[in-house]
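Every read-out reported here was derived from the displayed coordinates using simple, explicitly stated rules and does not represent laboratory data. This structure is a prediction, so every number in the text was calculated from the model and none was measured. Heads up, the Cβs are rebuilt from the backbone with ideal geometry, glycines too, and the neighbour counts pull from every protein chain shown.
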Amino acid sequence: MFIAFEGGEGAGKSTHLRRLTERLDDLGIAHLLVREPGGTPAGERIREIVLDPRTPIFAETELLLYLASRAEFVNRVVRPALDRGELVLADRFEMSTYAYQGLARGLGLERVKDLNAFATGGLKPDGTVLLALDPDVGRGRQRGQADRLEQEHADFHRSVAEAYTALAESEPGVITIRSDGPLDEVQEQLWSELAARWPGRFPPGA
């Protein structure tokens, strides 16, 4: 099973995924936590380029770099793990590309979907969780050196948030959770939603 976790900058994906995996560890449930871009030797090199604030790149270049990383990620990490029957949890996947490059960058949603399908060989997540947060709040949560995307202007991040909302409304089965509440409450809602959808992987009440 393959579940992607999505959201804008500062939405809490990494924090909630870390707590989720700790819970799975405590329950003895095998899983694999991965991130995009990255997750492979080539993908990590691409990540350095695409997120480096000192490296200005065109939107088209950005898109193709992300998809190159994804092609490696899918073929070297995700497909083999799924073939082994593992639970794969990804910090970002295709919805990020649709929101950031297809819509917020204006490259065209259908074009980006076609290119993504080529890069992934048609692989799609079994489920997607969107952690939704006001982009101004999300940017206020950021700590440390901001990467190239985090440094984008506020209007861009608002466009990303609007894109995520539109995508979640148009894609069947997306689990949307507001992540502006207390951390423990958001985590419990996340577990409850996952358990309701996939009780065999996320035991209800555990």
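Summary table
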read-out	value
Test: residue in the range 4-11 that is touching a helix residue (DSSP H, G or I) at 6+ places or on another chain (Cβ under 7 Å), more than 23 Å from residue 168 (Cα to Cα) and in a loop (DSSP other than H, G, I, E, B)	no
Residue among 126, 136 that alone is surrounded by fewer than 17 Cβ atoms within 10 Å (Cβ to Cβ), of a type in the set (D, E, K, R) and over 17 Å from the mean Cα position of the chain (by Cα)	136
Residue selected from the range 1-23 under the condition among the aliphatic types (A, V, I, L, M) and closer than 14 Å to residue 189 by Cα, by the criterion farthest from the chain's Cα centre (by Cα)	20
Residue identified as touching a helix residue (DSSP H, G or I) at 6+ places or on another chain (Cβ under 6 Å), among the hydrophobic types (A, V, I, L, M, F, W, C) and either closer than 20 Å to residue 6 by Cβ or surrounded by 22 or more Cβ atoms within 10 Å (Cβ to Cβ) (or both) among 71, 81	71
Residue within the range 51-59 that is under 23 Å from residue 171 (Cβ atoms), in a helix (DSSP H, G or I) and not aromatic (Phe, Trp, Tyr) present	yes
Residue satisfying all of: in the range 149-183; assigned to a strand (DSSP E or B) and under 16 Å from residue 134 (Cα atoms); farthest from the chain's Cα centre (by Cα) among these	178
